[in-house]
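Trainee: Just dropping this structure here.
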Amino acid sequence: MEQIVPSVNKNSIESTLSVVGKAFVFSKTWKIVLFALAGVGIAIYLIWRAGKKSGQKESIDYNQLPVPNAITVDPITGKVNGGGVSTADIEAYKTWLKTDGTRLADSLFINLGFTWNNLPLESVLEEARKLNDSKLIGLNNLYNLKYVVKRATLLKDLQDKTYLYYSDYQRNELVNRLKILGAA
């Protein structure tokens, strides 16, 4: 049995590759397409980098935030001083500031800054409205510590944000409570 080997015309392959190569390398259309793709890629990278930089978490010293007055006992006289809050309550308050307080402050900052959908803002305002006075003061202090450089105080942001939605009464209630509590 004889093997049949197909013959390949090397000249036709070289000329085909040459034409295709010239089309990709020298075509003005391909240069424009590649330049546009490079521009889009650079734009995406710059947007990603700016978002990453703005989204970096600030280093917050939670110890500089005021806490409710603790019960202290004068060792000499035995007199009880303070607002009646135990040290365990203060530690729980600090833990709340680091976890839920930070989450609420971040959510308020995002939703008060720009939102097309009012539902997230309504849920955050509802949650903030249910806070007791000491936690609301803590939220205000935390928000101001984190974001006053970027935009404004919590009270100012709440006053500036008006809607024709359900959340307006919640916003007004928070504004009034913050004013009563002496927020700046």
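The values are calculated or read from the model by the stated rules, or taken from the named source; none is laboratory data. No experiment lies behind these values; they were computed from the predicted model shown. Methodologically, a virtual Cβ is constructed for each residue, glycine included, from the backbone with ideal geometry; neighbour enumeration extends over all protein chains shown. Ligands, DNA and RNA are stripped out before the accessible areas are found, and what is left, the full protein with its side chains, is counted by its heavy atoms. Shrake-Rupley method; radii C 1.70, N 1.55, O 1.52, S 1.80 Å.
Trainee: Check each of the trypsin sites (Lys or Arg not before Pro) in region 121-159 and keep only those in coil by DSSP with at most 10 other C-beta atoms within 10 angstrom; list them in order.
Mentor: Values: sites: Arg129, Lys130, Lys135, Lys146, Lys150, Arg151, Lys156; in loops: Lys130, Lys150, Arg151.
Here the sparse-neighbourhood loop sites are Lys130, Lys150.
Trainee: Can you give the local net charge around Asn132? Use residues other than it whose beta-carbon is closer than 12 angstrom to its beta-carbon, Lys and Arg +1, Asp and Glu -1.
Mentor: Details: positive: Arg129, Lys130, Lys135, Arg177; negative: Asp89, Asp133.
After counting each charged neighbour, the total is +2.
Trainee: A follow-up question, please. By per-residue mean of other Cβ atoms within 10 Å, what is the highest-first order of 174-180, 87-93, 34-40? Mind dumping the intermediate values first?
Mentor: Values: 174-180: 15.7, 87-93: 12.9, 34-40: 10.1.
By packing density, highest mean first, the sequence is 174-180, 87-93, 34-40.
Trainee: Still on this structure, please answer the following. Using a simple spin-label model with points 7 Å from Cα along the Cα→Cβ vector, what separation in nm is obtained for Thr29 and Thr99?
Mentor: A separation of 6.1 nm, rounded to one decimal place.
Trainee: Leaving out ligands, DNA and RNA but keeping every protein chain, what accessible area does Ser134 have, in Å² rounded to the nearest 10, with a 1.4 Å probe?
Mentor: Rounded to the nearest 10, the figure is 50 Å².
Trainee: Could you tell me which of rounded, prolate or oblate describes region 124-184, using a ≥ b ≥ c as the square roots of the eigenvalues of the alpha-carbon gyration tensor, with rounded for a/c under 1.5 and, failing that, prolate when a/b is larger than b/c and oblate otherwise?
Mentor: Oblate.
Trainee: Also: Measure off 7 Å from each Cα along the Cα-to-Cβ vector at Ala88 and Ala43, then give the distance between these two points in nanometres to one decimal.
Mentor: 5.9
Trainee: Right, here's the next one. Among the listed pairs Lys94/Lys146; Lys98/Lys135; Lys98/Lys179; Lys98/Lys146; Lys130/Lys150; Lys135/Lys179, which have their C-alpha atoms separated by more than 20 angstrom in this model? List each step's numbers first, then the result.
Mentor: On the way: Lys94/Lys146 16 Å; Lys98/Lys135 12 Å; Lys98/Lys179 24 Å; Lys98/Lys146 12 Å; Lys130/Lys150 26 Å; Lys135/Lys179 15 Å.
In this structure, Lys98/Lys179; Lys130/Lys150 exceed 20 Å between Cα atoms.
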